[in-house]
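The values are calculated or read from the model by the stated rules, or taken from the named source; none is laboratory data. Here the structure is a predicted model, which means the values were calculated and not measured. Here the Cβ positions follow ideal geometry from the backbone for every residue, glycine too, while neighbour counts run over all protein chains shown. The accessibility values were calculated without ligands, DNA or RNA, using every heavy atom of the protein model including side chains. Shrake-Rupley method; radii C 1.70, N 1.55, O 1.52, S 1.80 Å.
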Amino acid sequence: MKALTDRFVPQQRSPSPPTPLVSSDSEHSDNKCTLWSTSSSVSQPYREPSSTSGRKQLCAATWTSLVKKVSMASGAIKRFQDRVLGPNRIGLPSTTSDFWLLGVCYKLSEDEETDDGSVVAALKQDFSSRILMTYRKGFEPIKDTSYTSDVNWGCMIRSSQMLFAQALLFHRLGRSWRNNKSEVSSVQPEHEYLETLEPFGDSEASAFSIHNLIQVGESYGLAAGSWVGPYAICRSWESLACKKRKQSDSLPMAIHIVSGSEDGERGGAPVLCIEDVIKSCVEFSSGEDEWAPLLLLVPLVLGLDRVNPRYIPSLKGTFTFPQSLGVLGGKPGASTYIVAVQDDNGFYLDPHDVQQVVTVNKGTLDVDTSSYHCNVLRYVPLESLDPSLALGFYCRDKGDFDDLCLRASTLAEESKGAPLFTVTQTHSLISHHSSCEFVEDTGEEHGEDDWQLL
């Protein structure tokens with residue numbers, strides 16, 4: 001893993017720099033035979049030959065070498081993905097089981113006479129309307145590093161950006177919004193759609209960029225070139241939202257991280273404490289309101305090497321919640337954003353494709369946003385996921401939150417002793433640590449519940 005990472009990230013300048021598999025710099029060059037001309041480019045800079053014939057031969061040789069190296073780069077990324085995520089499983093499996101996509105159920109039928117394809121078409125349109133964030137190349141360097149791309153290390157950050165972008169999309173346009181430019185739509189929804197994408201640009205000027213996440217997440221281990229887990233990225237988002245709270249580009253919702261007696265990635269007993277949620281909402285509104293739109297994040301550890309099968313029914317059950325924002329999860333070192341389930345498979349958006357930086361501005365309605373969407377259904381067996389993952393839920397109002405608590409409590413009761421998390425009313429057994437306000441531990445012993453690390 002490290003060896004492959006070292007081949008993808010920018011290297012320090014040296015007399016003989018190694019040649020990476022993929023260039024991460026988009027600096028323009030006037031050299032005619034160079035595709036990317038940087039200190040770590042995939043082809044050597046063009047030099048003036050002594051004759052016209054020599055010039056032609058050099059250009060031909062350079063381009064031949066370039067094509068071979070780019071092909072090798074694509075192949076290396078593909079082999080890495082196959083080794084980590086498993087061979088690509090694409091499309092819909094040949095089953096008629098219910099397909100749950102972020103709280104919406106699509107009922108597939110075996111009878112072609114009763115199913116004219118409209119259900120599958122609606123499913124695919126819903127899937128392709130979810131926001132996709134992938135590796136980008138050619139952005140401004142992150143802080144004082146030379147990183148102008150997050151290839152091979154930024155997948156967890158990109159997965160988390162997808163979840164947050166989806167929460168903003170739900171908040172501004174609702175769950176029923178679809179990305180269909182062929183339909184006549186009013187200017188306002190299009191403006192709000194672009195307003196959702198704009199803060200995820202790849203620069204310090206963009207509120208929720210990879211640059212700003214790394215800056216606030218240093219205390220949780222975030223750094224350019226390093227991979228992090230779900231818990232660290234959740235806490236980093238909490239810190240970023242707190243930092244931006246009094247600015248114009250703030251997150252328009254409160255964030256609450258559900259944790260338990262063993263906070264962090266060590267496991268423990270996640271408890272959704274209603275008293276703590278109200279406190280987070282009051283904090284968000286600066287004491288003016290007791291409730292606010294809410295984004296709940298639930299970091300979990302559901303096994304040792306992979307997800308324990310006991311948790312899979314409950315994990316699938318969360319996708320039936322209308323408040324579902326899916327799951328941050330994947331394989332060790334290769335995160336994805338899981339947005340749907342069918343049987344024991346999870347359908348995901350893959351951040352591992354490399355795309356050029358795109359600047360989205362809400363004032364430019366004709367900007368190309370095709371790189372923020374995906375039409376390809378990919379899936380992975382849920383039992384093969386890394387046990388460290390995080391659930392996301394968006395609650396628009398208090399009624400939505402109450403409904404989530406009821407559904408979560410019912411799911412816990414039906415879990416046969418292996419709930420994902422539990423719900424409690426009071427703050428008697430756990431202490432909540434917020435990045436905006438520190439609450440001192442009471443020193444009380446923590447009680448046990450049915451959640452267990454297996």
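Structure data summary
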quantity	calculated
Label-point separation in nm, Asp400 to Glu218, each point 7 Å along Cα→Cβ	3.5 nm
Compactness of the range 224-326, expressed as Rg and Dmax over alpha-carbon positions, Å	15.3, 45
Listed residue pairs exceeding 30 Å between alpha carbons, taken from Lys137/Lys244; Lys246/Lys362; Lys331/Lys362	Lys331/Lys362
Against the rule of thumb 2.2 N^0.38 Å, how large the Cα Rg of the range 163-257 comes out	1.20
Protection proxy ranking, peptides 171-180, 226-235, 152-161, average beta carbon neighbours within 10 Å, highest first	152-161, 226-235, 171-180
Semi-axes of the equivalent ellipsoid for the range 283-341, Cα gyration tensor, largest first, Å	29, 14, 11
Estimated FRET transfer efficiency when R0 is 25 angstrom, pair Ala205-Ser226 (beta carbons, to 0.05)	0.60
Integer Hz, Karplus 6.51/-1.76/1.60 couplings in order for the range 253-258, x for Gly and Pro	7, 6, 10, 9, 9, 7
Val119 versus Asp289: modelled label distance in nm, points set 7 Å from Cα along the beta carbon direction	3.9 nm
Stretch gain in nm, segment Asp353-His191, where the contour uses 0.36 nm per residue and the Cα spacing is subtracted	55.6 nm
Residue-normalised accessible area of the range 130-180, given per residue in Å² at a 1.4 Å probe	24 Å²
Rounded accessible area of Glu198 (nearest 10 Å², 1.4 Å probe)	60 Å²
Percent carbon-and-sulfur accessible area, the range 276-364, ignoring ligands, DNA and RNA, probe 1.4 Å	48 percent
